[in-house]
Amino acid sequence: MKLIIFDLDGTLLDTLQDLGDSCNAVLQQYGYPTHPLVAYKKFVGNGVEKLIERALPEEARTPQTMPLVLAAFKSYYEQKPITHTKPYTGIIPLLQELKSLGYLISVASNKYHEAVLPLMQQYFSDLQFDLILGHRAGHPAKPDPAIVLDSLQTLGVGKHECFYVGDSSVDMDTANNAGVTAIGVTWGFRDEDELKEHGAQYIIHSPEELLGII
């Protein structure tokens with residue numbers, strides 16, 4: 001293996017409370033019902049548009065309302081102080097060890113690219129990631145494999161030389177669609193059964209377990 005690609009939310013960073021608080025604040029602003037934090041474990045994972053669609057009441061998911069709430073969420077989330085987001089325990093030592101062993105490390109996230117970059121700078125500025133990709137306008141979101149295939153091409157790595165590590169069915173489907181090895185993590189937003197059902201080739205329960213696989 002040469003390259004380890006990581007999902008971001010629920011894999012490297014615990015972002016759930018800041019995402020949930022931001023979405024609830026915007027829902028409240030527009031007069032819609034809010035949700036308990038645990039609900040956001042199922043809302044996130046498919047990109048910000050899908051998050052807003054899932055959080056809104058069905059009758060509010062209109063071409064008129066969706067763009068307004070989406071824009072309000074992005075503005076709120078980007079300006080809100082990040083008070084709860086943090087790397088999961090053991091992630092920083094894992095990444096440091098991977099770099100010391102000579103592996104390429106990258107991020108492929110469904111979080112929109114403009115939100116990924118400041119988070120990476122804030123929490124991983126001491127680590128040299130070889131590539132960071134969030135969801136970019138005009139590019140398909142995961143589970144379409146495009147973001148993984150783009151990463152492989154950019155870094156000059158073959159499919160058989162890559163692990164993709166994530167916490168959700170979206171991530172496992174993405175890895176399998178791209179033809180790379182799918183590794184599911186259980187410390188994120190989804191459970192082990194979901195990872196198994198969507199083709200995880202390995203499941204790990206702590207970051208250091210990854211070193212035993214590579």
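The values are calculated or read from the model by the stated rules, or taken from the named source; none is laboratory data. From a predicted model like this one, the values you see are computed outputs, not experimental measurements. Neighbour counts are summed over all protein chains in view; Cβ atoms, including those assigned to glycine, are modelled from backbone coordinates with ideal geometry.
Numbers below:
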{"quantity": "Filter result (part of a loop (DSSP other than H, G, I, E, B) and modelled with pLDDT of 95 or more) within the stretch 192-214", "calculated": "His198, Gly199, Ala200, Gln201, His205, Ser206, Pro207, Glu208"}
{"quantity": "Some residue of the stretch 188-201 being over 18 Å from the mean Cα position of the chain (by Cα) and surrounded by 15 or more Cβ atoms within 10 Å (Cβ to Cβ)", "calculated": "yes"}
{"quantity": "Count of the stretch 32-48 residues which are of a type outside the set (Lys, Arg), within 21 Å of the chain's Cα centre (by Cα) and surrounded by fewer than 18 Cβ atoms within 10 Å (Cβ to Cβ)", "calculated": "5"}
{"quantity": "Criterion violated by His113 - all others in (1) farther than 18 Å from Asp9 by Cα; (2) surrounded by fewer than 20 Cβ atoms within 10 Å (Cβ to Cβ) satisfied", "calculated": "(1)"}
{"quantity": "Any hit, the stretch 189-208, residues being within 21 Å of His113 (Cβ to Cβ) and not aromatic (Phe, Trp, Tyr)", "calculated": "no"}
{"quantity": "The one condition in (1) part of a helix (DSSP H, G or I); (2) free of Cβ contacts under 8 Å to residues at least 24 places away in the same chain that Leu51 fails to fulfil", "calculated": "(2)"}
{"quantity": "So Gln79, is it more than 21 Å from Ala175 (Cβ to Cβ), of a type outside the set (Lys, Arg), at pLDDT 95 or above and surrounded by fewer than 16 Cβ atoms within 10 Å (Cβ to Cβ)", "calculated": "no"}
{"quantity": "Matching residues, the stretch 171-209, being touching a helix residue (DSSP H, G or I) at 6+ places or on another chain (Cβ under 7 Å), under 17 Å from Phe43 (Cα atoms) and in contact (Cβ under 8 Å) with a residue 40 or more places away in the chain", "calculated": "Phe189, Arg190"}
{"quantity": "Evaluation of Pro143 against (1) assigned to a helix (DSSP H, G or I); (2) under 30 Å from Leu37 (Cα atoms) (one fails), failing number", "calculated": "(1)"}
{"quantity": "Wholly within the stretch 54-136, helices (runs of 4 or more DSSP H) carrying at least 1 residues that are under 15 Å from Cys23 (Cα atoms)", "calculated": "65-79, 113-124"}
{"quantity": "Positions within the stretch 29-45 being in a loop (DSSP other than H, G, I, E, B) and in contact (Cβ under 8 Å) with a residue 60 or more places away in the chain, in sequence order", "calculated": "Val44, Gly45"}
{"quantity": "Test: Leu51 is within 20 Å of Pro140 (Cα to Cα) and either over 21 Å from the mean Cα position of the chain (by Cα) or buried (at least 21 other Cβ atoms within 10 Å of the Cβ) (or both)", "calculated": "yes"}
{"quantity": "The stretch 165-183: number of residues that are of a type in the set (S, T, N, Q) and either outside any helix (DSSP H, G or I) or surrounded by 24 or more Cβ atoms within 10 Å (Cβ to Cβ) (or both)", "calculated": "3"}
{"quantity": "Filter pass, Lys142 being among the charged types (D, E, K, R) and surrounded by fewer than 18 Cβ atoms within 10 Å (Cβ to Cβ)", "calculated": "no"}
{"quantity": "Of the criteria (1) surrounded by fewer than 18 Cβ atoms within 10 Å (Cβ to Cβ); (2) modelled with pLDDT of 95 or more; (3) in contact with a Ser or Thr (Cβ under 7 Å, 6 or more places away or on another chain), which one Thr15 fails", "calculated": "(1)"}
